[in-house]
Amino acid sequence: MKRLALYFTAPYRVSVQDEPLASPAADQVMVQTLVSAISPGTELLFYRGQVPTDLPVDETIAALAGEVSFPLKYGYAAVGQVVAVGAQVAPEWQDRLVFSFHPHESHFLASLAELMPVPPPVSPEEAAFLPNMETAVNFLMDGQPLIGEQVVIFGQGVVGLLTTALLARSPLARLVTLDRYPRRRETSLALGAHASLDPTEPQALPRLHAMLQQGADLTYELSGNPAALDQAIAATGFSGRVVIGSWYGQKQADLNLGGRFHRSRLRLISSQVSTLAPEWTGRWSKARRLQVAWRMLEQVRPAHLITHRFPLTQAAQAYAMLDQHPEEAMQVLLTYEG
């Protein structure tokens, strides 16, 4: 049979191509994709050709093995239904709703180790948020927010909003978010932020400092904008923590480390979801963190963050919209009807 697969073919170019797909091997299943989520922070780096070429595409996901070069497949949030099983696979996998860290394709083959059954309370669209929710869980684990702390988040894209939703469940003294786009700021407030500011306004940082006592205890930089890291450092108080969750790709961060940073004993923490911090690995695993992410999806119910749905065949329009009009979008899904 044939499937449709999305390829990044050159900077600012994607195409959807027909390609053959074999039957499942004895230990595999075939999944027909229902929806897949575009992760705009990471995927726009590939779309724009801003990913460093000296790194693997993703060394922790089997379906994304290989080096960064065009043409390439990408994506890691596919939800679908098992439509065929190999001879060695238990028959109860037939028709099961599953999630996989897999590129945008209409059908794909996978071993059972590459699949996670979707818990019944979670819809297919909500399940597509799993990677970003796991990332948000990882940010809380790395930042370790404490009762009564003042927390600031730069960036209210999908990951930033999910992080806000989780932090709003903690007994914080203050939770302030910053984002350029009004729609995201409004959503941030609805999710539980105490205030949400536009970081491009001249008085944004003075207003932020006026809301906090002696600066933030914990600051997250999730905007994807290297300039925001300098703002995040400036917003953080003595001995505070700055968790850097953004991946800048080839973009460089120009930091002012010659002023108060030098005497403030700040901690800059690199946070990325592919691994767990060493202090957690004695008791935690990726499987345990994913279990927490599934539970958080059941609590947050993030489907209201979906602003656009595009058929896979219109994927080029989806990426162009995210690139040119980010103010209009939060979560964008690709759909696979028919």
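General remarks:
- Candidate set: the stretch 189-206, residues that are touching a strand residue (DSSP E or B) at 6+ places or on another chain (Cβ under 6 Å) and either loosely packed, with under 14 Cβ neighbours inside 10 Å or farther than 15 Å from residue 157 by Cβ (or both); chosen: the one modelled with the lowest pLDDT: 204
- Residue 114 surrounded by 23 or more Cβ atoms within 10 Å (Cβ to Cβ), in contact with a strand residue (DSSP E or B) (Cβ under 6 Å, 6 or more places away or on another chain) and outside the structural domain of residue 204 (by TED's automatic domain parsing): no
- Among residues of the stretch 15-34 that are farther than 18 Å from residue 96 by Cβ, none has a Cβ under 9 angstrom from a residue that is among the hydroxyl-bearing types (Ser, Thr, Tyr) and exposed (fewer than 13 other Cβ atoms within 10 Å of the Cβ) at a sequence gap of 6+ or on a separate chain.
- Candidate set: the stretch 300-320, residues that are part of a helix (DSSP H, G or I) and within 18 Å of the chain's Cα centre (by Cα); chosen: the one nearest to residue 42 (Cα to Cα): 319
- Unique residue being within 21 Å of residue 45 (Cβ to Cβ) and not hydroxyl-bearing (Ser, Thr, Tyr) when the list is 202, 226: 226
- Helices (runs of 4 or more DSSP H) wholly inside the stretch 177-255 that include at least 3 residues being assigned by TED's automatic domain parsing to the domain that holds residue 145 and of a type in the set (D, E, K, R): 182-191
- Residue among 221, 186 that alone is at negative phi, surrounded by 16 or more Cβ atoms within 10 Å (Cβ to Cβ) and among the charged types (D, E, K, R): 221
- Sole exception among (1) touching a Lys or Arg at 6+ places or on another chain (Cβ under 9 Å); (2) more than 16 Å from residue 329 (Cβ to Cβ) for residue 49, by number: (1)
- Beta carbons closer than 8 Å, at least 6 apart along the sequence or on distinct chains, pair a first residue in the stretch 299-322 that is without any contact (Cβ under 8 Å) to a residue 40 or more places away in the chain with a second that is assigned to a helix (DSSP H, G or I) and buried (at least 16 other Cβ atoms within 10 Å of the Cβ) for 308/318; 308/321; 310/318.
- Looking across the stretch 101-128, just one residue is hydrophobic (A, V, I, L, M, F, W, C), part of a loop (DSSP other than H, G, I, E, B) and over 17 Å from residue 333 (Cβ atoms), and that is 115.
The values are calculated or read from the model by the stated rules, or taken from the named source; none is laboratory data. It should be emphasised that the depicted structure is a prediction, and the values quoted were computed from it without experimental measurement. Positions of Cβ are backbone-derived with ideal geometry, glycine not excepted, and every protein chain shown enters the neighbour counts.
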